[in-house]
Amino acid sequence: MGIRLYREPELVNPVMFCGWPGIGNIGILAVDTLRKMLFAEEFGEIEPWDFFDPRKVVITDGLLEDLEFPKSTFFFYRTGKRDVVLFIGDEQPAEEETVYARGEKAYRMSHLVLDASEKFGCRTIYTSGAAVTKIHHSFKPRVWAVPNTPELIDTMKDYKNTICVSEIEGSDGQGSISGLNGLLLGVAREREMNAICLMGEIPYYLHGAPWPYPKASQAVLEVFSEILEMTIDVSQFAEMIQQTEKNIEEFLENFFQTETIPLEVRSKLRDEIEKLKRSGPAKSEPTGEEVTELILERIDELFKKERKGDERPH
Amino acid sequence: MKDLIKFTLQPELEKPSLIIGWREDPGRLGPNVINYLNKTMMNRSFCQISPVDFFSLGGVEIKGNVARLPESRFYAGVRNDLITFLSDFPHFNQYTFLNTILDIAQDYCKVEEVYTVSGLVSPIAHTIPRRTFAVYNEPALQEKLRGYGLRDISYEGPPHLNSYLLWAAQKRGLRGVSLWPQIPFYLAASEDPQAVRLTLSFLNRRFNLNADLKEWNENIKEQYVKISRLRARNPEVQTFIERLETGLSLTEAEEMKLAEEVPKFLRKKG
C-alpha cells in the first residue's frame, strides 16, 4: 500500500493543488482545468485497492483483462520559478457509502498525499472545494480561504475576490470543512506543513445539484493563477457557465410549478431567491436556520429524480 | 493478520484446489454446491476469518429461524487435494478480505488453483438446457479446461467479488477461474437444483469426486413438477414461461410478475 511514482522530477519551489469530487465538483474542476491548460505530466499515483473497491472489470473471451479502480493521480508542471504539483482524486475514500472522505482510510490517504508533498518539497498545499452559502447564482462567487495556521491569513488577503471565514456575516470565524479538503488541512497541521483550503461559493439551493458549478471553479482557478503568478485563460468556462445557468433556471421554474410541493414551500423559496438576487454577493453568509429544512429536502428530492437516469447497473 | 484468522484443525493437504462459494448467491448455488461437497467429502471447518473488520456487526441476522453472525470458513476432509470456502459477502475492506482468503490459501494450504461458483441470472426458461460461463485469470488454465463444456464470456461493467478475487489471485501468480452457470431469473430468489447439478457435474469430472448426483436429479424433477402445476393453474405464468421457451423476451413488468409468482409458489409446502 502506498504511493507509486513512475518518475521523480526535480522541482523548484513547488506548490501543490488538490482536487476531489464534492459539491458542484468545484475543486476538482478547477484543478483538472489547470492540469489541462498546463499540459501537466502524470508522474505517480496512490495505489487504490486499500481505499476503493473496483468499479469496472474488463473480460474478453473468458480472460480477465483488467480491473479498474478510481484513480488518485499526481501530476507536475515546471514553470522554472514556482513549479506545480497537482493531485486529482476520482473519489474520496470513505468507510461508508458517503461522497466525503471519512474515517481511517481518509486519514491514511491524507498522509500519503502529504508524504508526496513533502518528498517534492511543496511549500504550501492547496485543497479546493465548495462554500455553500446564501448567494444568488447570477453573482460572481467569492473564494473563502481557510489556512491551517494563523501566519498564512495575511498571505491570503493579498488575493483578489478572496475572503476569510471571519469576514462572513454571522460566522464569527467558525465553521467546518467536510471531507478530504478539510481533513488534509488538519493532518498537514499535525505535520507542521502549510495548507490552505480555497472554497468557491455555491448557492445553498444547488448544493445537491447533479451538475458542476463552473462559476465557482472559475473563481478558484483565478486564485490559483494569482498564487502561481501566471495568466490563466478562464474563457473556456463561459459556455459551461451559460449552460449551467440555463439548467438552474429550468430547474427552479420546474420546482415552482411542481404541484406536489406545498405552495408555501415554493413561495418561500421564490421569495428567498428574489431576496438574494436583490441583496448582492456582499450579503453572503453561511446557510442558517432561516432556510427551512423543508425547502432543501424538496429541492434534493427533485435533484434525485434528475440523477436517476444516470444510474449504472449493478 | 493473526487476529483475523482462527485455525481449529490442521489438515494435511497436498497442493489442493480451492472451491469458493458465497452465501448470498442467485438460486442458492454457492451454499448448495459447497454444502454438498462438504457432505460428500466429509469436510470439517478448519479455519475461519473473523467478521470484525469486514461486516457491520450491529446485531445478528436470523435465517432459517436461527440467529448467526456472518461466517467465512474453510473446510477440508477426506480429500487432501481439495478444500472449500463458504462465506457471506464482506460489507467493507474487500481487498483485505480477499487477500486474507488468498493468504490462507497460498501460504498455509499451498493452494494451486482457485475455483469460484456463482449463479448468473439470465432471461431463460428453466426448461431450456443451461450453459456454464467461465472467466479465467490466465490463459493456461483456460486451455487446460477446454473440453469441459465451459463457455467463454466477454463483459465490461461493474465487477462481481469473484472478478476482484481472480484479479487479486492473478497479482500473486495464483491461477483461478470463476464458474457462472445460468440461473433463470425467476429462480434467483429460490433454489435452482439444475444449476447446482450442472456445477457439481463439472466438479465431479474435474476432480473425480465420484459424487452421486441422484439427489439433485430428484430435486430437479420435483421442481419441474411444481412449476408445471403452477403453469397449469396460472395462465399468465404459463404464457410468460412459454415465451421464454421460444426465445422471446418479456417486459420488465412481466419479468417482475414471474419473479414474484414462481418463488411464492415454490415456497408453499406440498
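Key figures
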quantity	calculated
Nearest 10 degrees, 0 to 90: helix A:237-257 Cα axis against chain A principal axis	40
3J(HN,Hα) from dihedral phi, region B:130-144, Karplus parametrisation 6.51/-1.76/1.60, rounded to Hz, x for glycine, proline	8, 10, 10, 8, 9, 10, 10, 9, 6, x, 5, 5, 4, 5, 4
FRET E, pair B:Thr239, B:Asp152, Förster distance 30 Å, beta-carbon r, rounded to 0.05	0.35
Contour excess over end-to-end distance, with Cα ends at A:Lys119 and A:Asp90 and 0.36 nm allotted per residue	8.2 nm
Candidates per trypsin sites (Lys or Arg not before Pro) in region A:111-161, loop by DSSP, up to 14 other Cβ within 10 Å	A:Arg123, A:Lys160
Chain B: translational diffusion in µm²/s, Stokes-Einstein, Kirkwood Rh over Cα pairs, 25 °C, 0.890 mPa s	125
Overall dimensions of region B:192-245 by Cα: Rg and Dmax, Å	14.7, 44
Simple Cβ-charge dipole of region B:2-212, Lys/Arg +1 and Asp/Glu -1, about Cα centre, in debye nearest 20	400
Using alpha-carbon coordinates, inclination of helix A:179-190 to the longest axis of chain A, degrees	50
Cα centre as origin, Lys/Arg/Asp/Glu Cβ charges: region B:163-251 dipole, Debye	380
Extension gain (nm, one decimal) between A:Met37 and A:Glu192, 0.36 nm per residue minus Cα-Cα	52.7 nm
Between 0 and 90°, nearest 10: helix A:293-308 axis offset from chain A longest Cα axis	60
Top positive-direction residue, dipole computed over chain A with Cβ charges, set A:Pro14, A:Phe69, A:Val187	A:Pro14
Positive dipole terminus of chain A, leading residue within A:His207, A:Thr244, A:Gly44 (C-beta point charges)	A:Thr244
Whole-percent pair-distance distribution, where bins are 10 Å wide, for the alpha carbons of the protein assembly as shown	3, 14, 20, 19, 18, 15, 9, 2, 0
Binned Cα-Cα distances of region A:102-261, short to long, each 10 Å bin given as a whole percent	10, 34, 33, 18, 4, 1
For region B:73-218, Kirkwood radius (reciprocal of mean inverse C-alpha pair distance, Å)	16.5
Globularity index of region A:163-218, i.e. its alpha-carbon radius of gyration over 2.2 N^0.38 Å	1.32
Mean-position separation - Cα centroids, region B:121-152 and region A:47-71, in angstrom	21
About the Cα centre, charge dipole magnitude for the protein assembly as shown (Lys/Arg +1, Asp/Glu -1 at Cβ), debye	2100
Reachable lysines from B:Lys39, criterion Cα separation under 19 angstrom, eight or more residues apart if same chain	B:Lys214
Projected area averaged over orientations for chain A, convex hull of C-alpha atoms, nm²	18.0
Where chymotrypsin sites (Phe, Trp or Tyr not before Pro) fall in DSSP loop in region A:1-91, at most 12 other Cβ within 10 Å	A:Tyr6, A:Phe39
Taking N as its residue count, the alpha carbon Rg of region B:216-267 over 2.2 N^0.38 Å	1.15
Low-density loop cleavage sites - GluC sites (Glu not before Pro) in region B:54-121, where at most 12 other Cβ are within 10 Å (DSSP)	none
Directionally averaged shadow of region A:1-126, computed from the convex hull of its alpha-carbon atoms, nm²	8.9
Charge-dipole axis of the protein assembly as shown as Lys and Arg at +1 and Asp and Glu at -1 on Cβ define it, positive-most pick from B:Gly21, A:Val165, B:Ile241	B:Ile241
Residue-by-residue Karplus 3J(HN,Hα) for region A:25-32, coefficients 6.51, -1.76, 1.60, Hz, glycine and proline x	6, 5, x, 5, 5, 5, 5, 5
Stretch in chain A that is longest and holds no GluC sites (Glu not before Pro) that DSSP places in a loop and that have at most 12 other beta carbons within 10 Å	A:98-191
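FYI, it's all coordinate maths here, none of it is from the lab. This one's a predicted model, so the numbers in the text were calculated from it and none came from an experiment. Counting neighbours? That spans all protein chains shown, and the Cβs are built from the backbone with ideal geometry, glycine included.
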